[in-house]
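*Asks:* Provided herewith is a single structure, encoded as structure tokens, for subsequent inquiry.
The values are calculated or read from the model by the stated rules, or taken from the named source; none is laboratory data. Computed from a predicted model, the values in this text were never measured in an experiment. Here the Cβ positions follow ideal geometry from the backbone for every residue, glycine too, while neighbour counts run over all protein chains shown. For the accessible areas, the whole protein counts, side chains as well, though only heavy atoms, and no ligand, DNA or RNA atoms are used. Shrake-Rupley method; radii C 1.70, N 1.55, O 1.52, S 1.80 Å.
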Amino acid sequence: MIDPEVLTRLVLKYSVREEGGAVLRRYFRFRADRWYGGIATADVVGCNLRCGMCWAWRNSSFRLDVGDFMRPDVVARRLAEMARSRGIAQLRISGGEPTIAPRHLLAVLKSVPESYTFIVETNGILIDRGLARELAGFPNVVVRVSIKGATPEEFGAITMSPPHYFYRQLDALRNLVEAGMAPCRDVYAAAMIGFSTDDGVRRLKEALSGIHEALAECLDEELVILYPHVVKLMRARGLRPLRAVAPSGVPQSMI
Ligand code: SF4
């Protein structure tokens, strides 16, 4: 079993450092991306999970010594400049887990002009009540908690981490809603259902409704994207998706 706490410590050791009172993280790329109708994206190094369908595994999750250490104000400025030059209104950190080194993330959010919407894409494992309150304090932040699988068993198969961490992701949603973020507007759930049965998806929606009835309605269902390097990783991990799309977005039959 892979321990997310150990992975967090590894990221902190190799991909995070303090300099002049600021917390720096490694980033391996800045890009404008098509998701959400256009979003300026900074790809951060390091994650506390090892998902078997992760598109970023080569550049980020499995190597922690790539990319450059960057100050939070520099990350915010590069994102805002890219967005301004391309006429994009949304920003995000992707490629790894942004809530590792929360002081860095919060400093990025403070440095971003409020005219931009910042989407915090996270697996939610590290969002406790304190961090949820901090995130809820930003009027321009939307948190997207991406749940790995629809059940604890699927979470374990996808991540090779103890299945009980699945509930941390639901706790993150609960903490964010209780901190005052409006479900489906300020915070919503996504779920990797590429390995899920219909019954598993039903159980997940029940669990989301138990936190707030609206969360099940705006669930963003993620499918496996069959990039060649993702297919290679899934083979190595013995994972067979039930629902997938080609990199072009065309649904693929997995029968
Ligand atoms: S949580 Fe996201 S970045 Fe981390 S391993 Fe899973 S898919 Fe990759």
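*Asks:* Output needed: Cys residues of the chain lacking any neighbouring Cys C-beta below 4.7 Å, sorted by number.
*Replies:* C47
*Asks:* Using modelled amide H (1.01 Å from N, peptide plane; none on Pro or chain starts), what sits under 5 Å from the amide H of E222, excluding residues fewer than 5 places away?
*Replies:* A191, M192, I193
*Asks:* What are the ³J(HN,Hα) values, in whole Hz, obtained from phi via the Karplus relation 6.51 cos²θ - 1.76 cosθ + 1.60 with θ = phi - 60°, for each residue of the range 72-81 in sequence order, with x given for Gly and Pro?
*Replies:* Values per residue, Gly and Pro as x: x, 5, 6, 4, 4, 5, 5, 5, 5, 5 Hz.
*Asks:* For V245 and F62 in one chain, what is 0.36 nm times their gap in residues minus the Cα-Cα distance, to one decimal in nm?
*Replies:* Stretched fully, the V245-F62 segment lengthens by 63.5 nm.
*Asks:* Quick check: pseudo-label points 7 Å beyond the Cα along Cα→Cβ at R129 and H229, how many nm apart are they?
*Replies:* With each label placed 7 Å out from Cα toward Cβ, I get 4.1 nm.
*Asks:* What is the helix-to-structure angle for 198-211, meaning the angle in degrees between its Cα long axis and the longest Cα principal axis of the chain, kept from 0 to 90 and rounded to the nearest 10?
*Replies:* Taking the Cα atoms of the chain, the angle to 198-211 is about 50 degrees.
*Asks:* With θ set to phi - 60°, apply the Karplus curve 6.51 cos²θ - 1.76 cosθ + 1.60 along the range 156-169 and write out the HN-Hα couplings as whole Hz, x wherever there is a Gly or Pro.
*Replies:* x, 5, 6, 9, 6, 9, x, x, 5, 5, 3, 5, 4, 5
*Asks:* In terms of modelled amide H atoms, which long-range or inter-chain residues lie less than 5 Å from the amide H of V120?
*Replies:* HN-HN under 5 Å from V120: V142, V143, R144.
*Asks:* Where the accessible area of the range 1-122 is counted over protein heavy atoms with a 1.4 Å probe, how much of it, in %, is carbon and sulfur?
*Replies:* Carbon and sulfur: 49 percent of the exposed surface of the range 1-122.
*Asks:* List, in order, the whole-Hz ³J(HN,Hα) value for each residue of the range 131-137 obtained from phi through the Karplus relation with A = 6.51, B = -1.76, C = 1.60 and θ = phi - 60°; use x for Gly and Pro.
*Replies:* Ordered by residue, 3J(HN,Hα) equals 5, 4, 4, 4, 5, 5, x Hz.
*Asks:* At 7 Å along Cα-to-Cβ for each site, give me the label-to-label distance between R203 and R78 in nm.
*Replies:* 4.2
*Asks:* Residues of the range 1-122: accessible area per residue at 1.4 Å, in Å²?
*Replies:* Here the per-residue accessible area is 44 Å².
*Asks:* Where does each of 233-243, 114-124, 137-147 land if you order them by average Cβ count within 10 Å, highest first? Before the final figure, lay out each step's value.
*Replies:* Working: 233-243: 15.3, 114-124: 20.1, 137-147: 18.5.
Descending packing order for the listed peptides: 114-124, 137-147, 233-243.
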